[in-house]
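Trainee: Mind looking over this structure? Questions follow.
The values are calculated or read from the model by the stated rules, or taken from the named source; none is laboratory data. For clarity, every value in this text was computed on a predicted model and none was experimentally measured. Positions of Cβ are backbone-derived with ideal geometry, glycine not excepted, and every protein chain shown enters the neighbour counts.
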Amino acid sequence: MAVDVASVSAWLTAYAETIADHAAELTQLDAAIGDADHGTNMNRGMAAVVAALDKEEFASVDALLKKAGMTLVSTIGGASGPLYGTFLLRTGTALADMAEISGAQFGAALRAGVEGIVARGKAELGDKTMYDAWAPAVDAYDAAIDSGGDVTAALQAAAEAAARGRDETTPMVARKGRASYLGERSAGHQDPGATSTTLLLESAAATLS
Amino acid sequence: MAVDVASVSAWLTAYAETIADHAAELTQLDAAIGDADHGTNMNRGMAAVVAALDKEEFASVDALLKKAGMTLVSTIGGASGPLYGTFLLRTGTALADMAEISGAQFGAALRAGVEGIVARGKAELGDKTMYDAWAPAVDAYDAAIDSGGDVTAALQAAAEAAARGRDETTPMVARKGRASYLGERSAGHQDPGATSTTLLLESAAATLS
Amino acid sequence: MKKLINDPADVVKEALLGIEAAHADRVRVDHDNKVIYRLDAPRQGKVGLISGGGSGHEPMHGGFVGLGMLDAACAGEVFTSPVPDQMMAATKEVDGGAGVLHIVKNYTGDVMNFEMAAELAAAEAGTEVLAVVTDDDVAVQDSLYTAGRRGVGVTVLLEKIVGAAAEEGRSLQEVADLAKRVNDNGRSMGMALTSCTVPSAGKPTFDLADDEMEVGIGIHGEPGRKRLPLAPAKEVAALLVDPILGDLPYGQGDSVIAFVNGMGGTPLIELYVMFNEVRQLLDKAGITVARSLVGSYITSLEMAGCSVTLLKVDDELVGLWDAPVNTPGLRWGA
Amino acid sequence: MKKLINDPADVVKEALLGIEAAHADRVRVDHDNKVIYRLDAPRQGKVGLISGGGSGHEPMHGGFVGLGMLDAACAGEVFTSPVPDQMMAATKEVDGGAGVLHIVKNYTGDVMNFEMAAELAAAEAGTEVLAVVTDDDVAVQDSLYTAGRRGVGVTVLLEKIVGAAAEEGRSLQEVADLAKRVNDNGRSMGMALTSCTVPSAGKPTFDLADDEMEVGIGIHGEPGRKRLPLAPAKEVAALLVDPILGDLPYGQGDSVIAFVNGMGGTPLIELYVMFNEVRQLLDKAGITVARSLVGSYITSLEMAGCSVTLLKVDDELVGLWDAPVNTPGLRWGA
Ligand SMILES: Nc1ncnc2c1ncn2[C@@H]1O[C@H](COP(=O)(O)OP(=O)(O)O)[C@@H](O)[C@H]1O
Ligand SMILES: Nc1ncnc2c1ncn2[C@@H]1O[C@H](COP(=O)(O)OP(=O)(O)O)[C@@H](O)[C@H]1O
Ligand SMILES: [Mg+2]
Ligand SMILES: [Mg+2]
Ligand SMILES: [Mg+2]
Ligand SMILES: [Mg+2]
């Protein structure tokens, strides 16, 4: 297995492409219960990440992830900038000084990243945010590793769990983020952040092994 | 024959009703080459005239016409207020101190009114204004009287001539009034003022005799 | 029709009530005559400045009543010039013994109604009245055989500059001459992305497809001179600025007040984008922007679009522009 | 999408160029960081005031930079809060030794980005930073379990009042306390007749039928709390004022600054009609309008609609409101 600079770089590059492909869809989801910018936001941020990765050689995964996280913080703004930025920063920090990264270690790092999202955004399960995709995803990842799976299998499980979590946001009444302003009217719409989170994990499953 | 207080009052009252019925149409004509208010303007003015006539007893046709003219000046505004107001004021002035009004005298008074329109608005034939309906109308009136017709026949002829003049405004390129701002684009649209003028003469033919 | 109004017939009346309530510190309103007065009018010895026109162009003219600008503004029905009674009442009321200047935009209706008022006021009260007619819209061909050009954006700049001159105590003739000089040195052109809807008409004055714009529109929802495919701000700026520059003409070394005006439905962010384009075109032409004004000052109800006005200025005009003004719509130095 | 823009991705950049060109006498713009600064910032010994947020709300916030109001405004992408780098740069730049107050509207993104900036600025430069978060929108339920209420119209009034206090030389803590007091005494509610269109999205955020309106909207084109049939201004005013009055609550004998705000696509004439209705409702409730503000100051691109803000005031707040202010968007006494 190799969660290394090359594969993590491939992951983020693949995610940037996926985001570009789904930008209009994410913005449309955000129009329904937010302010119609989530696709544009993520696209601007991920394009900047790809540009940053192209410019620099990274000695370690953690350096790369921190750079990517800082780039998101500095280019997205809105809610998703600090949240995705913090996620990558914390994930990177958790991987600092590791020569090789095991599946379990990567899982712990992802969980640290998600804890960063919670620390920043204070979302709880059922609030209809990206956390509703992240929480089941990291649980599924750990469960897959615990039952002997490799990183690919664990990320596959995580992406599937995220997709289920994403789908479950649809009936929810939002309690965090912009959608919460709609009250009951937020029900019946899929959360854009949970959607972009699922795409991130799908990209991971396709590129990391 | 009797162009008297009662019949002139009936004329203006009938015109007010006609204007109310045609207000939307006049405004629509004005929307195409002007500012979409001619129907509203005429309707506001004629409603005020009817209210003024209801409030007062008039000793003479000229007093009645002057009152109606002042009322139009004071309530319409825009181009049509001074023009129709001046028309009635001058027509009234021309009829001052007449015990009985002959067909020829009424024709001369109408012509004086139309001269007032020209004095105020400086329109010439072919400028695509109400004058393109007025000019042939007073000529037709006089011709009918000259060939022995009565007031009704003369007004009938005037109304028909006005309608032809109105129709002829359609291909014209406006040189006066708001429609002139459109230049060549004003061609192909019937002039609203020529339309309301034709209605005024049709009301006259129906009420004066 | 989507508007924040009650009965369409009451729009002007109710807006005047709102203006009075919002700005009672500076203006009072004669609701019978629909005239907005400067609170301290008449000012003895000062030339009285009156303007007016159809409503629907707010803040013009009522929003320009106050220190350093107008003494009174007559509000007509929407897009319909006021009636002579209003101007007569205003003329008598603001006459402080130094005479009264009528500032009239060149529309047949406005000109005729102001003329009748001046005739009547002179006859009745003996007030000395002069008039200036603004006609700065280069979208309209200038010709002796037509109604001539419309008065648009220059009117705003003129009311400010001439207002300062009247405040200085200049004579009626001096103020009128200055007004003419301002009008002669200003040119404008406008465009629309959407039509406006006259409240009493209830539907848009013209229809524009999603990919079209009207160039050369006036401020009454009159259709423009031509319909063009929607274009980026850069091209729109050139469509408006080029005919203006060529008309006066303005040239290398000239100093101007540059005014980018919103038609009512266009937000400020777009006006700043337009101003950036206009400024670049002026830079390229070697024209200095001495002062600028960006905002919705002479509007056409909820029409989306903008107009550009350039006024060639010298030190005197800039000084008068900079002089204190305190009106609901334009305020500085006071 | 009908807008006076070039490439949608360049709207903010180009608007900032336009703002700089139009107001170079009062502000300068750091185009790399997209920050608008007061020309003479930092002012030694004065608390620095910074705000910022997504663009598309002009004149807020950039139009409120200048004497008696903000020292800097950070411009995010359209409807997207700025990033911490911008606020950090601004914080360091306006720090005149008396500390810096961040004025933040309560949106998850704005709050998080400002928080990160404050953490970083404190760590890096040692600048003392306090923050006030505005949350005055009564359309949103106030709850500990949600993101809480949005910051809307009160932000404008707060920036003016707190700006005057900072200009007076009050300490950071005093200025922050005052800001909190203003926020606590203000409430707002808004409605839309039409949606806005985010330039990069290219189509309206929501669809409204010709006979519908959205009540309880925010300033980002967020759909509102409910969709209702189009209603006359009188009913719209009640729909906005009643929930505000009941919330603080405001009552008999209170004095308020009454602010009727346009959302960007609504012309001034309609805002005056609305103000007339609002004032009547306040009269009926025995509430005195100490000061008023009518115009488009906190907008949502080209959205048609309005919001009402009431701020309960005492003599101190009125005095600070009346103090001189000289910004592109709000100016008096200077
Ligand atoms: N407090 C929060 N915690 C976790 N996620 C959040 C929170 N607030 C918002 N989000 C996520 O952010 C997404 C919106 O992101 P985006 O549209 O880019 O930002 P903004 O709401 O500022 O416009 C939401 O769909 C939601 O998943
Ligand atoms: N100079 C003029 N002479 C004669 N009639 C004119 C002149 N200018 C305009 N009109 C007439 O006035 C009509 C428009 O009236 P109206 O719409 O009420 O006024 P406004 O043009 O001020 O909105 C035109 O259709 C035309 O017939
Ligand atoms: Mg969003
Ligand atoms: Mg008309
Ligand atoms: Mg008219
Ligand atoms: Mg956003």
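Trainee: Among the residues in the range D:118-135, are any in contact (Cβ under 8 Å) with a residue 24 or more places away in the chain and either within 16 Å of ligand 4 (Cβ to nearest atom) or under 26 Å from D:Phe275 (Cα atoms) (or both)?
Mentor: Yes, some residue in the range D:118-135 is in contact (Cβ under 8 Å) with a residue 24 or more places away in the chain and either within 16 Å of ligand 4 (Cβ to nearest atom) or under 26 Å from D:Phe275 (Cα atoms) (or both).
Trainee: Here's something else I'd like to know. Any idea how many residues of the range C:280-317 are on the phi > 0 side of the Ramachandran plot and more than 11 Å from every other protein chain (Cβ to nearest Cβ)?
Mentor: Counting residues in the range C:280-317 that are on the phi > 0 side of the Ramachandran plot and more than 11 Å from every other protein chain (Cβ to nearest Cβ) gives 1.
Trainee: Now a separate question. Only residues in the range B:32-44 that are within 16 Å of ligand 1 (Cβ to nearest atom) count as the first member; pair them with residues that are at pLDDT below 95, Cβ under 7 angstrom, at least 6 apart or cross-chain, and list the lot.
Mentor: none
Trainee: Still on this model: Does A:Thr27 meet the test of being hydroxyl-bearing (Ser, Thr, Tyr), under 29 Å from D:Gly56 (Cα atoms) and either within 8 Å of chain D (Cβ to nearest Cβ) or more than 12 Å from ligand 6 (Cβ to nearest atom) (or both)?
Mentor: Judged against the criteria, A:Thr27 is a match.
Trainee: Only one of (1) out of contact with any Asp or Glu (no Cβ under 9 Å at 6 or more places or on another chain); (2) surrounded by fewer than 23 Cβ atoms within 10 Å (Cβ to Cβ); (3) in a loop (DSSP other than H, G, I, E, B) is not met by C:Ile217, so which one is it?
Mentor: Evaluating C:Ile217 over (1) out of contact with any Asp or Glu (no Cβ under 9 Å at 6 or more places or on another chain); (2) surrounded by fewer than 23 Cβ atoms within 10 Å (Cβ to Cβ); (3) in a loop (DSSP other than H, G, I, E, B) leaves (2) as the failure.
Trainee: Can you name every residue in the range C:15-26 that is under 17 Å from D:Val260 (Cβ atoms) and either among the aromatic types (Phe, Trp, Tyr) or more than 7 Å from chain D (Cβ to nearest Cβ) (or both)? Outline the logic, then answer.
Mentor: So in the range C:15-26, the residues under 17 Å from D:Val260 (Cβ atoms) come out as C:15-25.
Those that are under 17 Å from D:Val260 (Cβ atoms) and either among the aromatic types (Phe, Trp, Tyr) or more than 7 Å from chain D (Cβ to nearest Cβ) (or both): C:Leu16, C:Glu20, C:His23, C:Ala24, C:Asp25.
Residue-wise test of (1) modelled with pLDDT of 95 or more; (2) within 14 Å of the chain's Cα centre (by Cα); (3) among the basic types (Lys, Arg).
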| site | (1), (2), (3) |
| --- | --- |
| D:Thr288 | yes, no, no |
| D:Arg291 | yes, no, yes |
| D:Ser296 | yes, yes, no |
| D:Leu301 | yes, yes, no |
| D:Ala304 | yes, no, no |
| D:Val308 | yes, yes, no |
| D:Asp322 | yes, no, no |
| D:Gly329 | yes, yes, no |
| D:Trp332 | yes, no, no |
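Trainee: Which ranges mark the helices (runs of 4 or more DSSP H) fully within the range A:40-146 that have 2 or more residues being more than 16 Å from ligand 2 (Cβ to nearest atom) and of a type in the set (Lys, Arg)?
Mentor: Counting at least 2 such residues, we get A:61-75, A:103-121.
Trainee: Residues in the range C:243-262: is at least one surrounded by fewer than 22 Cβ atoms within 10 Å (Cβ to Cβ), among the hydroxyl-bearing types (Ser, Thr, Tyr) and more than 9 Å from chain D (Cβ to nearest Cβ)?
Mentor: The answer is yes; a qualifying residue exists.
Trainee: Anything in the range C:169-180 that is part of a helix (DSSP H, G or I), surrounded by fewer than 18 Cβ atoms within 10 Å (Cβ to Cβ) and either hydroxyl-bearing (Ser, Thr, Tyr) or under 17 Å from the mean Cα position of the chain (by Cα) (or both)? List them, or say none.
Mentor: C:Lys180
Trainee: Determine which member of the set C:Glu270, C:Glu212, C:Glu235 is closer than 28 Å to C:Thr80 by Cβ and without any contact (Cβ under 8 Å) to a residue 40 or more places away in the chain.
Mentor: Checking each option against the conditions leaves just C:Glu212.
Trainee: Could you please give the count of residues in the range D:3-14 that are part of a helix (DSSP H, G or I) and either closer than 15 Å to D:Gly52 by Cα or more than 7 Å from chain C (Cβ to nearest Cβ) (or both)?
Mentor: The total comes to 5.
Trainee: Would you say C:Ala166 is away from ligand 4 (no atom under 16 Å from the Cβ), surrounded by fewer than 24 Cβ atoms within 10 Å (Cβ to Cβ) and away from every other protein chain (no Cβ under 12 Å)?
Mentor: Against the criterion (away from ligand 4 (no atom under 16 Å from the Cβ), surrounded by fewer than 24 Cβ atoms within 10 Å (Cβ to Cβ) and away from every other protein chain (no Cβ under 12 Å)), C:Ala166 does not qualify.
Trainee: Tally the residues that are surrounded by fewer than 19 Cβ atoms within 10 Å (Cβ to Cβ), outside any helix (DSSP H, G or I) and not small (Gly, Ala, Ser), restricting the search to the range B:163-188.
Mentor: Residues that pass the stated criteria total 3.
Trainee: Continuing with the same structure: Go through (1) crowded, with 24+ Cβ neighbours inside 10 Å; (2) more than 16 Å from ligand 6 (Cβ to nearest atom) for D:Lys92 and report which single condition fails.
Mentor: (1)
Trainee: C:Asp283 fails exactly one of the following numbered conditions: (1) surrounded by fewer than 24 Cβ atoms within 10 Å (Cβ to Cβ); (2) in a helix (DSSP H, G or I); (3) in contact (Cβ under 8 Å) with a residue 12 or more places away in the chain. What is the number of that condition?
Mentor: So C:Asp283 meets the others, but not (3).
Trainee: Could you check the range C:94-117 and list, in sequence order, the residues that are within 16 Å of ligand 4 (Cβ to nearest atom) and part of a strand (DSSP E or B)?
Mentor: If the condition is that a residue be within 16 Å of ligand 4 (Cβ to nearest atom) and part of a strand (DSSP E or B), then C:Lys105 is the only one that fits.
Trainee: Determine, yes or no, whether D:Thr146 is touching a helix residue (DSSP H, G or I) at 6+ places or on another chain (Cβ under 7 Å) and surrounded by fewer than 20 Cβ atoms within 10 Å (Cβ to Cβ).
Mentor: The answer is yes for D:Thr146.
Trainee: More than 14 Å from the chain's Cα centre (by Cα), more than 12 Å from ligand 1 (Cβ to nearest atom) and not in a loop (DSSP other than H, G, I, E, B), is that true of A:Ala10?
Mentor: Yes, satisfied.
Trainee: So which of C:Ala98, C:Ala147, C:Ala139, C:Ala164 ends up being over 17 Å from the mean Cα position of the chain (by Cα), away from ligand 2 (no atom under 16 Å from the Cβ) and not basic (Lys, Arg)?
Mentor: C:Ala98
Trainee: Checking the conditions here, which among D:Gly76, D:Gly45 is modelled with pLDDT of 95 or more and either in contact with a strand residue (DSSP E or B) (Cβ under 9 Å, 6 or more places away or on another chain) or not in a loop (DSSP other than H, G, I, E, B) (or both)?
Mentor: When all the criteria are applied, what remains is D:Gly76.
Trainee: Determine whether the range C:80-91 contains at least one residue that is in contact (Cβ under 8 Å) with a residue 12 or more places away in the chain, away from ligand 2 (no atom under 16 Å from the Cβ) and under 14 Å from C:Ile161 (Cα atoms).
Mentor: no
Trainee: Just to check your reading of the model, which residue among D:Glu222, D:Glu214, D:Glu174 is of a type in the set (D, E, K, R) and either facing another protein chain (nearest Cβ under 9 Å) or in contact with a Ser or Thr (Cβ under 6 Å, 6 or more places away or on another chain) (or both)?
Mentor: Testing whether each residue is of a type in the set (D, E, K, R) and either facing another protein chain (nearest Cβ under 9 Å) or in contact with a Ser or Thr (Cβ under 6 Å, 6 or more places away or on another chain) (or both) leaves just D:Glu222.
Residues are listed down the side, and each one gets a yes or a no for (1) among the hydrophobic types (A, V, I, L, M, F, W, C); (2) at pLDDT 95 or above; (3) in contact with an Asp or Glu (Cβ under 9 Å, 6 or more places away or on another chain); (4) within 16 Å of ligand 3 (Cβ to nearest atom):
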| residue | (1), (2), (3), (4) |
| --- | --- |
| D:Val94 | yes, yes, yes, no |
| D:Gly99 | no, yes, yes, no |
| D:Met112 | yes, yes, no, yes |
| D:Leu120 | yes, no, yes, no |
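Trainee: Still on this structure: Identify all residues within the range D:190-205 that are in contact with a Gly (Cβ under 7 Å, 6 or more places away or on another chain) and within 14 Å of chain C (Cβ to nearest Cβ); write none if there are none.
Mentor: D:Gly190, D:Met191, D:Ala192, D:Leu193, D:Thr194, D:Ser195, D:Cys196, D:Val198
Trainee: State which residue pairs qualify: first residue more than 16 Å from A:Ile117 (Cβ to Cβ) and at the interface with chain D (Cβ under 10 Å from one of its Cβ atoms) and inside the range A:54-83, second residue assigned to a helix (DSSP H, G or I) and among the basic types (Lys, Arg) in any location, beta carbons under 7 Å apart, and separation of 6 or more residues or different chains.
Mentor: Short answer, once both residue conditions are applied: A:Thr75/A:Arg44.
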